[in-house]
Amino acid sequence: MEKVTVSYPGQAVAALQELSLRISPGVTLVKGASGAGKSTLLRLLAGLLQPAEGRVCHPWQRAGAAFYARVGYLPQAAWVDQALTVEGGMRYLAGTRGLPAKVVGPVLERWELEGFRRQRLDRLSGGTARRWLLAQSQLTNPALWLLDEPLSGLDAAGVVTLKRELARYRAAAASGRQRYAVAAVQDDRLDDLAVRIFWLDRGRLRCWM
Amino acid sequence: MADKRSPDRSFYQDLREGAALAGEPVPDWDDVAEVTALLAEADRALVPPDLVPDLVKALTEEGERTEEEPSLGAGSLLRLVWAEARFMPLAFFATEAVLLAAALLINYVLVRGGGFSPGDWLVGAFPLGPGGFADGFTLVAPWLGAAAGLFSLRPAGRGAWAELEAVSPFSPGVRLLVRAALATIAALAGTVVGGLISQNPGSATSATLLLARTAPLLLAVGWALVWAVRFGAGGGIAASAGLWVVLTALGSRLGGWSLLFVPDGLGQAAPQWAALAVAAACWAGAVWQARRLSALTAAGGR
């Protein structure tokens, strides 16, 4: 990411200002106060935003279809306003990503959502809804896994699964594979898994370690 | 037999001469012997015979993994179509069913009503032109089309869900086209089936009736799409309402040029052919504009 600036319409201050950083394989954490630009950074990496200035490069040269087939994205939202069932919503999203329905079962199992298959998404408890959101972000078995506040509202079982999945990314990266997990977080519960931590402050990179 | 740990005499001599030429101190024989011994040890450290094949294999595998580009073939597109068809909202089908029931009722009244004119209860005068006649399915076609167009854009404004849908290998234009096509097919199928079970007023051929019913429907879908993509659901609804007012309230002044007028034959269906051309342009415009659609506009905020 080179000198990236992102501005939202109607906002005087850019959400990201000439931000340059390089993300390594493994687990990367992005920290900062509310409004620091963490979510914007993740949306940018997810391809949901285009920078007004600067450029974002991915390890995969071709944009478009091949890129999105590698991305998994967890939005910051606590739940989804959908009348679809847990399984139906997952099947629908799998279809919109061109994936076969068979990918849904293992993901539900991994995130311990099998018992909720027939429950409506808009009636799930907060913790279960977050687990569902995390689960859908893994439908593509993403090489670039983007997590916006993954711990927020997540129940204990979800935290365990999340840490286990992040550890897989770290291990894969250690073995030389191009697997990236980038999480925007506020606390230090995932610090032990991180290969790098960036701190943002009002859209600028303050420091990293 | 020479000791491998001892340097060769000529090698030592070369070192001495080289040092003298460079103006450096002459190396000590014992130091040179020690370095030579270390090098000999390093030579004896065996390179595993399978090291190179293993490295080649690992690099090849990693290369394959890196270059493994997920492709979107016909199978992926079919999965998208199936997902959109399977999870089409029930509210859409309910809306279409109500409109088709209204079309059936209008045709029943037109055939059995004996002189009843829908113009009595539609906005303004119903566009009955000379030699033409009214048809319930033609009358509701703009509504059917508007519903299909607006339901095709249903995720807009749904925040997180819109973002989840946007993280897709298919472009917004492709997804919109698939969804609109499915909704239109459903509306057309309902129109055809309804026409088969309805007593049709007038004496137009099946082809003329089909054209008269299809043209305003497709125009309404495209019209709703192109405005909704640009100005959101509210814009689509307002534009659809405007189209309906023009077609009905002002339609009577157009006489035989009214789109809601069923012509006697395909040769006299100039408004319908023109509507199809405008519909095609609207569809193309909507798909082109759909590139602008992003989760950001739906989600908003930071």
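The values are calculated or read from the model by the stated rules, or taken from the named source; none is laboratory data. Just so it is clear, the model here is predicted, and its values are computed rather than measured. Ligands, DNA and RNA are stripped out before the accessible areas are found, and what is left, the full protein with its side chains, is counted by its heavy atoms. Shrake-Rupley method; radii C 1.70, N 1.55, O 1.52, S 1.80 Å.
What the Cα atoms of chain A give is an Rg and a Dmax of 16.8, 47 Å. Each part gets one Cα centre, and for the range A:155-186 versus the range A:84-146 those centres are 18 Å apart.
Order A:K38, A:K3 by their accessible area, 1.4 angstrom probe, all chains in place, largest first. Let's see the in-between values first.
Numbers: A:K38 15, A:K3 135 Å².
From most exposed to least exposed: A:K3, A:K38.
When nucleic acids and ligands are ignored and a 1.4 Å probe is applied, A:R206 ends up with an accessible area of around 150 Å². Evaluated on the range B:144-211, the Kirkwood hydrodynamic radius is 14.2 Å, with distances taken between all distinct Cα atoms.
Remark: accessible area buried at the A-B interface is about 3400 Å², both chains counted, probe radius 1.4 Å. Legend: distances between Cα atoms for A:K38/A:K102; A:K3/A:K31; A:K38/A:K163; pairs beyond 23 Å are A:K38/A:K102.
Coupling constants for the range B:193-205 follow from the phi torsions by the Karplus curve (6.51 cos²θ - 1.76 cosθ + 1.60, θ = phi - 60°), and in residue order they are 5, x, x, 5, 8, 9, 7, 8, x, x, 10, 5, 6 Hz; glycine and proline get x.
Database remark: amide H of A:A15 closer than 5 angstrom to the amide H of A:V6, A:S7, A:Y8 (H placed geometrically; neighbours at sequence offset of 5 or more, or on other chains; Pro and chain starts carry no H).
As a length-normalised measure over Cα pairs under 8 Å and 6 or more apart, the relative contact order of the range A:1-70 settles at 37 percent.
Shape summary of the range B:193-266, radius of gyration then Dmax from alpha carbon positions: 14.4, 41 Å. For the range A:76-175, the alpha carbon convex hull comes to 96 Å³ per residue, rounded to a whole number. Protein heavy-atom accessible surface, 1.4 Å probe, per residue over chain A: 42 Å².
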